[in-house]
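**Q** Sharing a structure with you now.
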Amino acid sequence: MRLFTALWPPAEVVSALMAATGEPPSGWRAVDPASWHLTLAFHGEADPGVLARRLDRAAAGLAAPKLRIAGAGSFSGVRWAGVQADAPERLSHLVTAAGGDPAEFVAHLTVLRRQRRPGRGADQVPSAPWAGHEGPWWRPQEVLLMVSEPAKGGSRYRPVHRVPLAGE
């Protein structure tokens, strides 16, 4: 099983970002907004039971930061919306608890992916109409251990374990 640990934004955060994104540029495809998430750590092929127990021990009851979508950036073949934390150290603690490295972590939601065959005239690094967007603040209620299942048109994600976080 290909696993990752993530935070999922609520519907109002997703709706606000959707309103700011516009149509995908030539050679790019929009990522399904229902799958937008903040990956804390990617685990690859792993045993979900082992990871769930580890996540329970490390993350249960950690204080959740307030988050919001703000800014934009890119990786090779990806355009993303940035995620800000009101208390960056709380987000770093969640990354560590999930098994990630806070020094390498870039808080983001993937919005666009380059098509496999982008064709002539495709934008190499398209503009991000959402770059000036500052979404509503939200506080995650839980950390999710997710399985990534290959599917036509992109991977499908399914939660396999949930760990509650503390509010304030």
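The values are calculated or read from the model by the stated rules, or taken from the named source; none is laboratory data. Note that the structure is predicted; figures quoted are calculated from it, not measured. Cβ placement follows ideal geometry from the backbone for every residue including glycine, while neighbour counts extend to all protein chains displayed. When the accessible area is computed, the model is the full protein with side chains, heavy atoms only, and any ligands, DNA or RNA have been set aside. Shrake-Rupley method; radii C 1.70, N 1.55, O 1.52, S 1.80 Å.
**Q** Show me the strands (runs of 3 or more DSSP E) found entirely inside the stretch 1-116 where at least 1 residues are farther than 24 Å from Ala166 by Cβ, of a type in the set (S, T, N, Q) and in contact (Cβ under 8 Å) with a residue 40 or more places away in the chain.
**A** Filter on the stretch 1-116 gives 67-75, 108-114.
**Q** Six or more apart or on different chains, Cβ atoms under 8 Å: show the pairs whose first residue is in the stretch 150-164 and over 21 Å from Val31 (Cβ atoms) and open to solvent by 100 Å² or more (accessible area, probe 1.4 Å) and whose second is of a type outside the set (Gly, Ala, Ser) and not in a loop (DSSP other than H, G, I, E, B).
**A** Close Cβ pairs satisfying both conditions: Arg162/Glu142; Arg162/Val143; Arg162/Leu144; Arg162/Leu145.
**Q** Open to solvent by 20 Å² or more (accessible area, probe 1.4 Å) and aliphatic (A, V, I, L, M): does that describe Ala63?
**A** So Ala63 passes the test.
**Q** Which residue pairs have Cβ atoms under 7 Å apart, sit 6 or more places apart or on different chains, and have a first residue in the stretch 129-147 that is open to solvent by 50 Å² or more (accessible area, probe 1.4 Å) and a second that is modelled with pLDDT under 95 and hydroxyl-bearing (Ser, Thr, Tyr)?
**A** The qualifying pairs are Pro129/Thr21.
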